Amino acid sequence: MSKMLSEYNTGRDNNFNLIRFIAASLVLYSHCFPLAIGIGPSLPEEPLSVFLGITLSSIAVDIFFITSGFLICASLYRTSSLKSFFWARVLRIYPALIVAVLFSVFCVGLYFTSLPFAEFISDKQTLKFLYKNTTLLTGTVSSLPGVFTDNPFPGVVNGSLWTLPYEVKMYIALTLIAGAFTAIQKRIHSEKFTTYGFTILAGLSLVGHIINHFHEFTSVNTLRFFATFFIGAAFYLNRKKIIMSAKIHWILISILLLSTLNTATFFIAFYVILPYLVFYFAYVPSGKIRSFNKFGDYSYGMYIYAFPIQQIIAATIKNLSVMSMLAMSFLATLAMAYLSWQLIEKNCLKLKPKAARKPLPEKMAILSGQRVANE
């Protein structure tokens with residue numbers, strides 16, 4: 001029997017942990033090709049990239065931003081203050097990230113650098129790596145001086161962190177846009193203005209992203225991440241109008257499979273269909289699949305540790321096959337992700353304000369004009 005998305009979105013019993021873990025694993029898989037064998041016209045590429053012009057890591061990152069838009073929008077409309085909202089975001093992103101950056105510099109960097117200790121530590125590139133990657137305010141730095149210079153994919157210590165500044169920017173953009181929409185909504189006395197506003201914004205940004213793909217007119221990643229993030233936010237605000245139907249789910253999958261006959265058609269179908277499929281999988285499948293939640297959320301640790309772990313393996317064991325890299329790096333990264341979750345992330349999340357974890361009365365919400373979101 002079909003239900004509205006809002007009927008599923010009532011608690012923490014869902015498949016988001018599993019979705020994010022799969023997405024992080026797909027990023028690891030995609031990176032196995034360049035990190036194990038390098039990049040070149042005579043070297044094999046990821047099969048999906050050859051077939052459809054898109055990598056699994058690209059799909060995974062889109063999934064991250066879609067789910068993030070949905071969940072962060074929900075958090076914003078349920079929190080008691082902007083301070084609580086941003087503090088919760090800081091606790092989720094920065095503690096584990098800072099430890100991963102320190103690990104990259106003082107464990108990986110010091111061991112593998114070709115520079116003397118003092119020269120490595122005082123090098124401007126090292127200082128930039130530390131500052132930019134732990135603040136995310138002005139982008140990220142992927143390389144450290146003298147590290148992994150002889151690897152098949154040379155010079156890069158952590159090539160996955162580049163998406164995190166975009167994530168932080170989306171949090172800020174969401175807050176500013178939601179505040180503006182709420183102010184207008186109060187002035188014109190329309191309870192639906194915010195929902196309509198986000199829906200139109202998401203739709204226009206998606207159209208812009210598709211057009212930009214074929215006729216580039218602005219930054220590809222900025223528009224791409226804005227579109228995917230705000231589509232997720234629009235799904236949250238329209239959750240009472242979106243039917244989660246197995247029939248719709250299979251029809252969309254069929255359309256997506258048929259679209260693979262043409263790469264341009266697939267690109268359009270992919271971005272139109274993916275959000276619905278993500279939220280269907282997040283909420284509808286139940287039973288034993290939900291037992292994955294008992295293990296914890298290892299997706300973030302998988303994401304921030306996979307690249308340096310793979311580079312360590314490439315530097316230590318020469319002439320690895322892609323499948324050997326996949327097997328070894330997955331197990332080693334999973335171990336690091338486990339430690340990150342158990343020792344850092346899980347404990348930091350306990351510091352989140354209690355008020356930020358549960359819905360609040362409309363008059364107490366920081367964006368009280370959005371009545372629909374708090375019902």
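The values are calculated or read from the model by the stated rules, or taken from the named source; none is laboratory data. Bear in mind that the values here come from a model prediction, so they are computed numbers and not experimental data. Cβ atoms come from the backbone with ideal geometry, glycine included; neighbour counts cover every protein chain shown. Side chains included, ligands, DNA and RNA excluded: accessible areas come from the protein's heavy atoms. Shrake-Rupley method; radii C 1.70, N 1.55, O 1.52, S 1.80 Å.
Given H placed on each backbone N at 1.01 Å, which residues far from MET244 in sequence or on other chains put an amide H within less than 5 Å of it?
HN-HN under 5 Å from MET244: LYS3, MET4, LEU5.
Go through (1) 26.1; (2) 21.2; (3) 22.0 and flag the label whose value is the computed Kirkwood radius over Cα pairs in Å for this structure.
(3)
Measuring from label point to label point, each 7 Å out along Cα→Cβ, what is the ILE22 to SER49 span in nm?
Here the answer is 2.2 nm between the modelled labels.
Using Cα pairs closer than 8 Å and at least 6 residues apart in sequence, work out the relative contact order for region 230-322, in percent.
Reported relative contact order: 23 percent.
Using the heavy atoms of the protein chains alone and a 1.4 angstrom probe, what is the accessible area of region 145-284 per residue in square angstrom?
For region 145-284, the solvent-accessible area averages 46 Å² per residue.
Quick check: the distance between the Cα centres of region 258-315 and region 167-218, to the nearest angstrom?
25
With r defined as the distance between the Cβ atoms of TYR196 and LEU349 and R0 fixed at 30 Å, what FRET efficiency is calculated, to the nearest 0.05?
Once the sixth-power term is evaluated, E becomes 0.35.
Amide H of ASP123 versus every other amide H placed in the peptide plane: which residues, excluding those fewer than 5 positions away on the same chain, fall under 5 Å?
Counting only residues 5 or more places away or on other chains, the set is empty.
Can you return the lysines within cross-link range of LYS3? Criterion is Cα-Cα under 24 Å, with same-chain partners fewer than 8 residues away left out.
LYS192, LYS240, LYS241, LYS247, LYS288, LYS358
Hey, any idea what % of the chain's accessible area is carbon plus sulfur with a 1.4 Å probe? Can you show the working numbers first?
On the way: 11790 of 17480 Å².
It is 67 percent, rounded to a whole number.
If contacts are Cα pairs under 8 angstrom and at least 6 residues apart, what is the relative contact order of the chain in percent? Before the final figure, lay out the partial values.
Details: 508 pairs, mean separation 127.9, N = 375.
Result for the chain is 34 percent.
Leaving out same-chain residues fewer than 8 places away, which lysines sit with a Cα under 17 Å from that of LYS132?
LYS124, LYS169
Each label point is 7 Å from the Cα along the Cα-to-Cβ direction; what then is the distance between the points at VAL90 and TYR338, in nm?
Between VAL90 and TYR338, the label points sit 3.2 nm apart.
If packing is taken as the average number of other Cβ atoms within 10 Å across a peptide's residues, how do 89-101, 130-142 rank, most packed first?
Descending mean neighbour count gives 89-101, 130-142.
Taking R0 as 41 Å, what's the FRET efficiency between ILE39 and LYS241 from their Cβ-Cβ distance, rounded to 0.05?
So, using R0 = 41 Å, E works out to roughly 0.35.
Straight distance only, please: which lysines reach the Cα of LYS294 with their own Cα at less than 18 Å, same-chain residues fewer than 8 apart left out?
Of all the lysines, those that pass the test against LYS294 - Cα under 18 Å, at least 8 places apart if same chain - are LYS346, LYS350.
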